[in-house]
1. Find the residue count for segment 195-216, including only residues that are on the phi < 0 side of the Ramachandran plot, buried (at least 17 other Cβ atoms within 10 Å of the Cβ) and over 20 Å from the mean Cα position of the chain (by Cα).
2. For segment 99-111, enumerate the residues that are touching a strand residue (DSSP E or B) at 6+ places or on another chain (Cβ under 9 Å) and away from the ligand (no atom under 13 Å from the Cβ).
3. Where the second residue is at pLDDT below 95 and in a strand (DSSP E or B) and the first is farther than 12 Å from TYR253 by Cα and lies in segment 331-347, which pairs have Cβ atoms under 8 Å and are six or more apart or on separate chains?
4. Condition (residue is of a type in the set (Ser, Thr, Tyr) and either away from the ligand (no atom under 15 Å from the Cβ) or part of a strand (DSSP E or B) (or both)) applied to segment 171-180: is it met by at least one residue?
5. When residues of segment 373-424 are filtered for being surrounded by fewer than 18 Cβ atoms within 10 Å (Cβ to Cβ), in a loop (DSSP other than H, G, I, E, B) and of a type in the set (Lys, Arg), how many remain?
6. If a residue has to be buried (at least 20 other Cβ atoms within 10 Å of the Cβ), under 19 Å from ALA395 (Cβ atoms) and among the β-branched types (Val, Ile, Thr) to count, how many in segment 16-73 make the cut?
7. Restricting segment 242-256 to residues that are more than 13 Å from the ligand (Cβ to nearest atom) and crowded, with 16+ Cβ neighbours inside 10 Å, which is farthest from CYS206 (Cα to Cα)?
8. If I go through segment 194-211 residue by residue, how many of them are more than 9 Å from LYS151 (Cα to Cα) and more than 9 Å from the ligand (Cβ to nearest atom)?
Amino acid sequence: MHFYGTQTVNEKGHLTIGGVDTVDLAHSYGTPLIAYDIALFRERAKAFKETFKNAGIQAQVAYASKAFSSIAIYEVAQQEGLSLDVVSGGELYTAIAADFPRERIHFHGNNKSYTELQLAFDEKIGCIVIDNFSEIAMVKEIAEIRKESMKVLIRVTPGVEASTHNYITTGQEDSKFGFDLKNGQADEAFKQLYDHPYIGLLGMHCHIGSQIFETDAFRLAAKALMDKMVAWREQHQFICTVLNLGGGFGIRYTEEDEPLHPSAYVEEMTSVVLAMTREFQYPIPEIWIEPGRSLVGDAGTTLYTAGSTKEVPGVRKYIAVDGGMTDNIRPALYEAKYNAATANRMNVPHSDPVTIAGKCCESGDKLIEEAFIANPEEGDLIAIFCTGAYTYAMASNYNRLPRPAIVFCEDSEHQLVVRRETYEDVIRLDIPLQLAKRGEKI
Ligand SMILES: *Cc1c(COP(=O)(O)O)cnc(C)c1O
């Protein structure tokens, strides 16, 4: 049993998060419920920021908010002095609703629409991370029509791809994102942008993968980008002031995962950049990073109520919970692994392997193939850990299940930040055939 952040067991044998009894949470808000340990989010944010500060490097730590996008988490990000990555008009709209400081919003995406780009200009956001040539044309056009400037980064693919314990270097990158650093595309993008009167080219961006546990890949990526920065200075007397090395820092879902401390990734990046700037006498750029999963992943815990059980004699025992692939598609989508506990009976031995299944009509709707929890009984509160990233953000209404509620827990207090969908919410976009025919206004 591994406890994350502020998690403990109280005198009743209940799991607590942020000093709040999870059984009380389930009574107050119902299940499934995602509870966030906000102190843990703050601690992670501070660790990233402090490491840059200690190295004496100007930095922006941008929360890659596709991991979990909501007004309240954007407010916490703002309180912690983070910047914000958005990847769509919808996430940008959420940031506006949270009144996030516009100059610290960065806009990503490989197919931004003209309308989305216009919204970015309307809001005078801090930076657009340019991904492709059609986007260059659109950004220039909007800037020229409006006679308004916009800061941009060029997203490049550095030929380094990383995942968990290893990385590969590729000469030519086969990716839908960004300009290739080696085949001349990045140079062409640079030429189209660097001396444009309304474009403020800040520098380069790359993002090399996700759930990464080692630092070599970041070092190689930083080196590849720095080499290009030096080349652009030689050829065009242009100095990049920002080097954005993306996110992808790993977290501990199960005991097989051994992530590094946030500071280890940052220290590796800063040391490479400092060494190279010294070697080439290049002005030290600001370093930007974009953690998503590592800020919210292990801060989130999903609470489910156990329902029906099924024993396949000699094979396994199933316990079904009141959610599933609708609130966490990661196990079905890419065999993601999780740990669980029986949150209302933490002090009994957690030794019975059971399969925790969801309630959707898909055989693949299993949350954990082999969970070691207390022998589950109907009505138990099952906690699945580390569900703060890419779960609610990917939630669906499959089988017309309402999406869960989300609560923030901190300092023994809890606050609802996303309300549970109702059946009314589930049908709110439906237009009955008869109404449509009669042309009635809805
Ligand atoms: C998804 C993404 C991130 C965040 O990745 P994590 O693995 O959640 O840290 C950062 N930057 C970009 C450009 C991304 O697409």
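The values are calculated or read from the model by the stated rules, or taken from the named source; none is laboratory data. Because the structure is predicted, anything quoted here is derived from the model rather than measured. No Cβ is skipped: glycine too gets one built from the backbone with ideal geometry, and neighbour counts run over all protein chains shown.
1. First, pick out the residues of segment 195-216 that are on the phi < 0 side of the Ramachandran plot: 195-202, 204-208, 210, 212-216.
Filter again for buried (at least 17 other Cβ atoms within 10 Å of the Cβ), leaving 196, 199, 201-202, 204-208, 210, 212-215.
Adding the requirement that they be over 20 Å from the mean Cα position of the chain (by Cα) leaves 196, 199, 201-202, 204.
So the answer is 5.
2. Narrowing segment 99-111 to residues touching a strand residue (DSSP E or B) at 6+ places or on another chain (Cβ under 9 Å): 100-101, 103-110.
Those that are touching a strand residue (DSSP E or B) at 6+ places or on another chain (Cβ under 9 Å) and away from the ligand (no atom under 13 Å from the Cβ): PHE100, PRO101, GLU103, ARG104, ILE105.
3. ALA341/ILE373; THR342/ILE373
4. Of the residues in segment 171-180, the ones of a type in the set (Ser, Thr, Tyr) are 175.
Now restrict to residues that are either away from the ligand (no atom under 15 Å from the Cβ) or part of a strand (DSSP E or B) (or both): none.
No.
5. Of the residues in segment 373-424, 2 are surrounded by fewer than 18 Cβ atoms within 10 Å (Cβ to Cβ), in a loop (DSSP other than H, G, I, E, B) and of a type in the set (Lys, Arg).
6. 3
7. Restricting attention to segment 242-256, the residues satisfying the condition of being more than 13 Å from the ligand (Cβ to nearest atom) are 242-243, 252, 254-256.
Still in the list and also crowded, with 16+ Cβ neighbours inside 10 Å: 242-243, 252.
Values: VAL242: 12, LEU243: 9, ARG252: 24 Å.
If we take residues in segment 242-256 being more than 13 Å from the ligand (Cβ to nearest atom) and crowded, with 16+ Cβ neighbours inside 10 Å, then ARG252 is farthest from CYS206 (Cα to Cα).
8. Looking only at segment 194-211, we keep the residues that are more than 9 Å from LYS151 (Cα to Cα), and these are 194-197, 203-211.
Now restrict to residues that are more than 9 Å from the ligand (Cβ to nearest atom): 194-197, 203-204, 208.
Residues that pass the stated criteria total 7.
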